Every structure is written in structure tokens, then in C-alpha cells.
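Colleague: Supplied in C-alpha cells, the structure appears directly below.
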Amino acid sequence: MNARGEFSSRLGFILAAAGSAVGLGNIWGFPTQVASNGGAAFVLVYIILAFLLAYPVLMAELIIGRATRANMVDALGQISGSKIGRATGAWGFVTVSLILAFYAIVAGWMLAFFLETVTHLLGLDTASSWLTSESITRNLLFCGVFLGLTAAIVTGGVSKGIERWSVRLMPTLMIIIVLLIVYVSLQEGAIEGWKAYLVPDFSRIMDPALLINAMGQAFFSMSLGVGTMLVYGSYVSKNEKLPSLGASVALVDIGVAVLAGMLIIPSMYVALHNGVQIFSESGALIAEDSLIFTVLPALFDTMGPVGNIVAFAFFALMVIAALTSSISMLEVPVAYVVESKGVKRTKAVWFLASGVFIASAVIVFNFSSLFGLVISLTTKYSQPLLGLALCLFAGWVWRRDQILAELKQGNENAEHSLFWKVWPWYVKFVCPVVISIMFYRSVIG
């Protein structure tokens, strides 16, 4: 049995967990969702749902993780005392590996576009056009490089790998976002973007599609249901107060998503002002990959010499956001293989990263049929269902006295706290009902 790692500081954990939560989902997915779901109305609903639904599930993962000091398969097996618990953990293991498989492809594109800012500066036009044009070779190469970077960090373990890099990468990410927001806000056209982002259309607030999208975004952006937070929770010191630790992670995650919107939405309107098309034929805003890889590069081109520096900073930001999430995703299967199978960490990391790369390659070779399908199956269906399963384990299966005993480790007066008065019944009755209703709506919708 290998000695388990532990986060060496409270800040280290918050930045690592927030790093896991802050990924392309916040910086790419969130602004796109805002743009296509009525602007500020979506931001408002997202923030409410993040605290009403995502935070209680986040707490379930952190408490289960720290109490069992185990990976997802063993942890759910322990608290349920049954094979159903282990099977749910294994389902999380498969889901997170599939998410990482498509995520690494997208992160590879970010890496390629990041490198293009360098080749463009050096006047290497052939290299630049290869880096930004679609090809199987490019997709496989950069997906592999990205997974290699991820594996190299995870090999270092918890405090020397994940924590050390999260503490460096997360502040860098924040600084780049803020600098870019300041720069973009000073451009002509930005005010229209700020209006679209900050003035809510209240008539849209109860729109079922908006509610479902906001719930999905809250789950995906906090990387819930797939065991990343459970595994990170298992590395938290027993002296920490878990409810406030979880709230810090949720706040940083929501904060970065909202900041990303402050960057992307005004950028789109600056692009519109500069003659770049941001609306499709149907009048809808251009979304997701075409936004990041078409609209924004076109915007950077209109900025003259400064454009290249802005592009460099922007794609650096995207790569950092992708890395802080991918390391937590890879840690989920690694923790299981190291603890349950007794495999040495380095061997486990490279073996699993290679497995994920093979899955990515299968997606790349069958891109049109598999890419969208895998994203849909994992984030739209599997993640909310795993979140529901975690609520059921925390609310109905696990004994309440054991949960309270775990919370008391970091706070002796835990049973008198507001958290303990609300969370146990909330995660038992409210979360499963709301998640089930929204999931049903998303499937039939």
C-alpha cells in the first residue's frame, strides 16, 4: 500500500480544486451559454443553481473522500458496503476517462493555436497555416503532447505535482484574464458586449432550456459526479473545516466563469465592431469551437501588431485552464490503480494516459460521428446521473452519525452549524428531486 499524499496547505487545496473546476467549461462553455441563453438572465440562474445544486453535491464528494481516504471505487464501496457502490465508482472512472479523451483533443487545438502565435511572429507562414488548419496528424500530435504534459504533472503526486503546479498556474490564469478584460474593454464596441452580459432579460429566467443549460453548466464547470472532487477531498487534512473549504472552491469557480464572460462577450462585440461576423445566418451567436477558433483569431487579426500579443496571452490562458482540469481528471483513475491494484504511481500514470490517448485517437479518426456523441453522453447524461447517485449515497445510504463525525474532525461544533441544519435533508430530498426533474427535461427536450 503506497502512502497517500495530502495537500500541504489550505490554499494549495483551494487552488487545485478550483483549478480542477476551472477549465475550458468555464472559459469556453460558460460565455457561449451566456451568449445563447439571454445574457445576464443565464448568469443569474447559473450562480443560483451553482449554490443550490452544485455546492451540496460538491460537499457530498468532499466529505465522502475525506472520510474514506480512498479513490472513488473504494470510497463508494466502503460507505455503501455493497457492490453497487463499487460499480458506481467504476462508472465514474469510465466517464472521467472519456471526458478526458475528448477534452485532450480540444486542449490540443488550444496548444496548436498557442504555438501559432509564435510561428506567426517569426514569419513561419507554412507552419502557421498547418497549426491552424484541421488535420488528423495535427489533432493526434497535440492531443498526445497535451496528455504528456498532464501525465508529467500527475506523476509528481499530490503535493509535489498537482498542488505545486496548481499554485503556479491558477494565479497566472487570473492575471491573464484580468489584463485581457482591461484591454478588450477599452476597445470600441465593448460597451455593447457589457450590456448584453450584465443587463438581464427577466422574461427568459423560467425558460426550461435556460434552466437545464444552467444546471448542466454548473455541474460540468465544477467537475462534479466523476470523482475528481471526491479524490481531491481524500487528500485534505482532517483539521480543515470542509463546508467553508467547499464554499471557497465554489466561489473561485463561479468567479472565474463570470470573469471569462466579462472577457469573451465584450470581445465578440468588439469583433462585430471590427467587421468580424459573430452572428450566424439564423441570427444566433456563433458558438463554442467556431467562437474560439474563428471569431476570436479574426478579432486578434484586426488589432494590428498588438493582436499577436493578445492572441498569445489568450491561448496561453486556454492551455493553463485545460491543464488544471486534466490533471484532476487523470488523478481519478490513477488513484484507483495505485491504491487498489498496488501499481507504482509513475507506471499507473503513463499506462492510463496511454489508454486515454488511444480513446482520443479513436474519436479523432471517427470525428464526425463520435466527438459530439461522447461529449453528449458524458456531460449531458452521465455527469448529472452520477451527481444524483452521489446525493443518494450521501443522503440515503451513508449513516448520518458517520457524516457528522467526519465534519467534527475539522469543527467540533459542526452539529450546531447552519450547514448541518440544512445540508443533510437538502442533499437527501431536494437535490435528487431537482436533478431528476431537470435531467428528465433535458432528455425529452
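Colleague: Check GLY39: other-chain or 5+ apart residues with amide H under 5 Å from its amide H, H built from backbone geometry?
Modeller: Amide H to amide H, under 5 Å and 5 or more residues apart or across chains, GLY39 pairs with nothing.
Colleague: Sort 192-199, 46-53 by the packing proxy (mean of other Cβ within 10 Å over each peptide's residues), most packed first.
Modeller: Listed from highest to lowest mean packing, they are 46-53, 192-199.
Colleague: Can you tell me the 0 to 90 degree angle between the C-alpha axis of helix 10-21 and the longest principal axis of the chain, rounded to 10?
Modeller: 60
Colleague: Can I ask one more? At 4 °C and 1.567 mPa s, grab the translational diffusion coefficient of the range 166-270 from Stokes-Einstein with a Kirkwood Rh over Cα pairs, rounded to a whole number in µm² per second.
Modeller: 80
Colleague: While we're on this one: Please give every one of the aspartates and glutamates within straight-line cross-link reach of LYS238, meaning a C-alpha to C-alpha distance under 20 Å, and leave out same-chain neighbours fewer than 8 residues apart.
Modeller: GLU6, GLU61, ASP74, GLU163, GLU339, ASP401, GLU406, GLU412, GLU415
Colleague: Now for a different question. Assigning unit charges at the beta carbon (Lys, Arg +1; Asp, Glu -1) and nothing else, what dipole magnitude in debye, to the nearest 20, does the chain show about its Cα centre?
Modeller: Dipole of the chain, to the nearest 20 debye: 1580 debye.
Colleague: Just the Cα atoms of the range 211-342: what Rg and Dmax do they give in Å?
Modeller: Expressed in Å, the Cα Rg and Dmax of the range 211-342 come to 19.1, 58.
Colleague: Then there is this: Can you report the principal axis dimensions of the chain using only the alpha carbons, biggest first, rounded to whole angstrom?
Modeller: Ordered largest first, the chain gives principal extents of 62, 51, 40 Å.
Colleague: Kindly express, to the nearest 10 degrees and within the range 0 to 90, the angle between helix 383-392's C-alpha long axis and the longest C-alpha principal axis of the chain.
Modeller: Once rounded, the angle reads 20 degrees.
Colleague: If you don't mind, another one. Work from the charge dipole of the range 10-444 (Cβ charges, +1 for Lys and Arg, -1 for Asp and Glu, about the Cα centre) and give the residue of GLY304, GLY123, SER325 farthest towards its positive end.
Modeller: SER325
Colleague: List the residues whose amide H sits under 5 Å from the amide H of SER234, counting only those 5 or more places along or on another chain, with H placed 1.01 Å from N in the peptide plane.
Modeller: Those lying under 5 Å, H to H, from SER234 are ARG66.
Colleague: Given the pairs LYS160/LYS347; LYS241/LYS421; LYS380/LYS428; LYS160/LYS241; LYS380/LYS408, which span a C-alpha to C-alpha distance of over 26 angstrom in this model?
Modeller: Beyond 26 Å: LYS380/LYS408.
Colleague: Further question: For the pair THR126 and SER244, how long in nm is the line joining their label points, each one 7 Å along Cα→Cβ?
Modeller: Placing both labels 7 Å along Cα→Cβ, they lie 6.1 nm apart.
Colleague: Rank-order 36-43, 132-139, 342-349 by packing density, defined as the average count of other C-beta atoms within 10 Å over each peptide's residues, highest first. Could the numbers behind the result be given before it?
Modeller: Values: 36-43: 21.5, 132-139: 13.4, 342-349: 16.2.
Order by mean packing, descending: 36-43, 342-349, 132-139.
Colleague: Hey, can you rank 394-404, 155-165, 79-89 by average C-beta count inside 10 Å, highest first?
Modeller: Sorting 394-404, 155-165, 79-89 by mean packing, highest first, produces 155-165, 79-89, 394-404.
Colleague: Give me the angle, in degrees from 0 to 90, between the Cα long axis of helix 40-49 and the longest principal axis of the Cα atoms of the chain, rounded to the nearest 10.
Modeller: 20
Since every read-out is calculated from the coordinates, none of them should be taken as a lab result. It should be emphasised that the depicted structure is a prediction, and the values quoted were computed from it without experimental measurement. Virtual Cβ from ideal backbone geometry, glycine too; neighbours counted across all protein chains shown.
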